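The values are calculated or read from the model by the stated rules, or taken from the named source; none is laboratory data. Please read these numbers as outputs of a predicted model, since none were measured by experiment. When the accessible area is computed, the model is the full protein with side chains, heavy atoms only, and any ligands, DNA or RNA have been set aside. Shrake-Rupley method; radii C 1.70, N 1.55, O 1.52, S 1.80 Å.
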Amino acid sequence: MSRLALVMIVRDEARCIARCLESVRPHVDEMIVLDTGSTDDTVAIAERCGATVHPFPWCDDFAAARNAALDHSDADWNLVLDADDWLVGDPAALGPATLPPASVAPPCFIGCVRIVNERSAEEGVARKFIPRVLPRGVRYVGRIHEQPVSPLPHSVLAIQLRHDGYEPAQLDRKANRNEALLRAELQANPDDPYLWFQLGREHLVRDNPGEAADHLMAAYRTSGPATPFRHGIVVSALRALKRAERFPEALAFADAEHRNWPKSPDFYFAVADLYLEWASRNPASAMDELLPIVEGAWKRCLEIGEQPDLDGSVEGCGSYLAAGNLAMFYGQLGIADEAERYAQTAAEMRALYAA
C-alpha cells in the first residue's frame, strides 16, 4: 500500500501527457492512468514515463471513469490530474508532512489545489481552486464537471497546477462532447447552478455570448450569495452580457451587484470594460457621465490589488492590466503625464509576474 498515487483518466493526450507525468513523478509513489480509447501514442508515452495504464471503455460519464481509475489505487491519498495539467512551484505540500500515511494520521480533509488556467490573450490567466487530493475511498458524482463526494472538509493546499485545456485548439476538440454531456445533466438537474455556470463558460470561451449570457444568468438565478463560485458567475455574466450587446441588462446587473464585490478587482475590471463600450456608443454622455466611471473602476482595481486567492480571478486585473488600460485611457484623452505614469506602473507590475 502506497502513501500517494497519481490517478488520471486520458484519451488522445499524446500532446501533453509526458509533461504532466514528468512534473509529478518525483513526488508520488505510483502513477495510474486509465485510458478511455486513445488512438494516438498516449498509452505508449504514459508507459515510458513509468505509469501503469488500464483500459476503460468510454461511457459518456466522467465520474464513472474517475471512479474506475480510483478503483485501481490502494494509496492513502490520490492526486487526481488531467493530462493537460502540470505541477509547478514548490511540491512540498505533496509530502508526508501534509499528506501523512493513514497509519500515522487518518485523512481528515479533501485537498484543494490552485489551478492557473492559460487562455487566450483576451481571457487572460484565470485562477481556480479545485478539489484534487482525495483520501482513499472518496468517489465522484456527475457525468461532466464531476465532483468528489465526502463529508470531509475542504482544505486549500499550497499546490499549484497550470492547465492549458482552455486554449482554442483544445476547446475545439472537446466542445461538442462537453456541451452534450452538460445538457444531458441539466435535463436531470435543471436547478443545478454549477451545471448552468459550466455551460455558460463553455459558450463564453467559444465566443457565443448570447447563449453564454442566458446560461450564466440561469446560474445566477439558481445560486445564492454563499455559492462558492458566485464570483465567477457574476463576472462571467457581466462579460457575456457586454459581448452580447445587452447593455441595459448588463448595466442594471452591474449596479445591483457592485456592493457585493468590494474586494474583487475582476468585478471592477468588467465594469470598466462594460462602461467603456457603452461610452463609445453614447458619445453625448461619455465625457461627463460614463468615462469617469471607467476611470474610477480601473483605479479601484489598483486600490484593491491582486487577489490570487479569489476563485476565478484573472491575473493582472488588480495590477498591470488595469494600469495598462489607464495608460491607454489617458493617452486617448491627451493627458500625457498620466499616460506615461501609468504605462511605467504597468511595466513594473508586469515585470514582477515575469520574474
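A few comments on the model shown:
- Extents of region 60-118, largest first, come to 38, 29, 16 Å (Cα atoms, principal axes, whole angstrom).
- Sequence-distant aspartates and glutamates (8 or more away, or on other chains) whose Cα lies within less than 12 Å of K263: E303, E306, D309
- Carbon/sulfur fraction of accessible area - region 150-269, other protein chains in place, 1.4 Å, %: 52
- Calculated accessible area for the chain comes out at 45 Å² per residue, all protein chains present (probe 1.4 Å; ligands, DNA, RNA ignored).
- Backbone amide hydrogens, once placed in the peptide plane, bring V141 within less than 5 Å of Q147, V149, excluding anything fewer than 5 places away on its chain.
- Diffusion coefficient (Stokes-Einstein, Kirkwood radius over C-alpha pairs, 20 °C, 1.002 mPa s) for the chain: 98 µm²/s, rounded to a whole number.
- Summarised as an ellipsoid, region 224-340 has semi-axes of 23, 18, 10 Å, derived from the eigenvalues of the Cα gyration tensor scaled by 5 and square-rooted, with the largest first.
- If you wrap the Cα atoms of region 1-105 in a convex hull and average its projected area over all directions, you get 6.5 nm².
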